[in-house]
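*Asks:* Let me give you the structure first, and then I'll get to my questions.
The values are calculated or read from the model by the stated rules, or taken from the named source; none is laboratory data. Computed from a prediction, not measured in an experiment: that's the story for all the values here. Positions of Cβ are backbone-derived with ideal geometry, glycine not excepted, and every protein chain shown enters the neighbour counts. Just so you know, the surface numbers come from the protein's heavy atoms only, side chains and all, with ligands and any DNA or RNA stripped out. Shrake-Rupley method; radii C 1.70, N 1.55, O 1.52, S 1.80 Å.
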Amino acid sequence: MSTLHVFPSPAAGRRTLAGIEGVVPASWLGVRPQPETIPTGIPQVDKLTGGVPRGGLTEIFGPASSGRTSLLLALMAQATAQEEVCALVDASGAFDPHSAAAAGVDLQRVLWVRCGEVSRFKCHVSRGRLETRNVKRETPRVEQALRAADLLLQAGGFGLVVMDLGDIPPAIARRVPLASWFRFRRAVENTATALVVVEQEVSAKSCASLVLKTQQSAVSNQQSAKTRIVPTHTRLLCGMQLEIEVLNSRISQRKPVRSATTSFESRASWFG
């Protein structure tokens, strides 16, 4: 006994799917537009990533002297050159305005939020007299940074919001709940703001649209060519060779980029 198999035509299949409420055939879906980005100002990195995405969270992480600050200042210089207003939440007071200005950052377009001690006054009555005492309570800097970044994102109007946790110990940064990163991702999506988090280790994980790892590959030292007053037993730092590795990227329409690496050189300001 033979069995006759009847296969519906593609047109019939489309009509069937179209008749089901809430179901859209994949062939009918439009191409998702490429998200807007802010260039980092480093051609090698921009060629690899296309820049930092607007409406998304970007993580830049690496140990000390790995180039994360150089990458951040280059990004801020590009953003301010495009007349964007930037906000920097400095959790540990590591931002140096002089280095930023030397890197090309327009400080007139930067809002610098510094996290630190909070002074409180305690009043008590002693021998019939009212006395006040200044009590300094160290509010966790990470908590201050999270609150400040949340307020900035809710306020809007910033092209770039940076939360610098680079000098916060990783053990403390890991205490930030994943729900906070999801909140930041929802707050920044569908906006023209790029949120960048600088840290020593990855924290946002799946909430990040772009994850960049910085590391140092070589250091170049030499005696100053302009003056010979430098002692012979000392060396001047003139630059570093840095590597940027893209651990995850959800910017393009292609599959997420995995472990793509590029390198660039960061020169000391006194060497031009």
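*Asks:* Would region 204-225 turn up any residue that is surrounded by fewer than 20 Cβ atoms within 10 Å (Cβ to Cβ), modelled with pLDDT under 90 and among the β-branched types (Val, Ile, Thr)?
*Replies:* Yes, that holds for at least one residue.
Here is a yes/no grid of residues against (1) touching a residue at least 60 places away in the same chain (Cβ under 8 Å); (2) open to solvent by less than 20 Å² (accessible area, probe 1.4 Å):
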residue: PRO140; (1), (2): no, no
residue: ARG147; (1), (2): no, no
residue: LEU151; (1), (2): no, no
residue: GLY159; (1), (2): yes, yes
residue: LEU165; (1), (2): yes, yes
residue: ASN190; (1), (2): yes, no
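*Asks:* Pick out the one residue from ALA79, ALA91 that is in contact with a Leu (Cβ under 7 Å, 6 or more places away or on another chain), within 27 Å of ARG147 (Cβ to Cβ) and at pLDDT 95 or above. First the steps, then the outcome.
*Replies:* Numbers: ALA91 fails: at pLDDT 95 or above.
Every option except ALA79 fails the conditions.
*Asks:* So, one more: Looking at SER126 and the list (1) modelled with pLDDT under 90; (2) touching a strand residue (DSSP E or B) at 6+ places or on another chain (Cβ under 9 Å), which single condition is not satisfied?
*Replies:* In the conditions (1) modelled with pLDDT under 90; (2) touching a strand residue (DSSP E or B) at 6+ places or on another chain (Cβ under 9 Å), SER126 misses (2) alone.
*Asks:* Let me ask something else about it. Keeping to region 60-69, report how many residues are at pLDDT 90 or above and surrounded by fewer than 23 Cβ atoms within 10 Å (Cβ to Cβ).
*Replies:* Kept after step one, since they are at pLDDT 90 or above, are these residues of region 60-69: 60-63, 68-69.
Then keep just the ones that are surrounded by fewer than 23 Cβ atoms within 10 Å (Cβ to Cβ); that gives 63.
Residues in region 60-69 being at pLDDT 90 or above and surrounded by fewer than 23 Cβ atoms within 10 Å (Cβ to Cβ): 1 in total.
*Asks:* Moving to a separate point now. From the set of residues in region 19-42 that are modelled with pLDDT under 65 and in contact with a helix residue (DSSP H, G or I) (Cβ under 6 Å, 6 or more places away or on another chain), which is most open to solvent (accessible area, probe 1.4 Å)?
*Replies:* Initial filter on region 19-42 (modelled with pLDDT under 65): 19-33.
Next cut, in contact with a helix residue (DSSP H, G or I) (Cβ under 6 Å, 6 or more places away or on another chain) only: 23, 25.
On the way: VAL23: 62, PRO25: 8 Å².
Among them, the one singled out is VAL23.
*Asks:* Looking only at region 197-206, which residues are outside any loop (DSSP other than H, G, I, E, B) and under 18 Å from ARG147 (Cβ atoms)?
*Replies:* Here is the first cut: in region 197-206, the ones outside any loop (DSSP other than H, G, I, E, B) are 197-199, 205-206.
Correct list: VAL197, VAL198, GLU199.
Residue by residue, here is whether (1) modelled with pLDDT of 90 or more; (2) among the acidic types (Asp, Glu); (3) assigned to a loop (DSSP other than H, G, I, E, B) holds:
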position	(1), (2), (3)
GLN44	no, no, no
LEU48	no, no, no
THR58	yes, no, no
PHE95	yes, no, yes
THR132	no, no, no
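*Asks:* Could you tell me whether region 100-118 includes any residue that is at pLDDT below 90, outside any loop (DSSP other than H, G, I, E, B) and farther than 25 Å from LYS205 by Cα?
*Replies:* Taking every residue of region 100-118 in turn, at least one turns out to be at pLDDT below 90, outside any loop (DSSP other than H, G, I, E, B) and farther than 25 Å from LYS205 by Cα.
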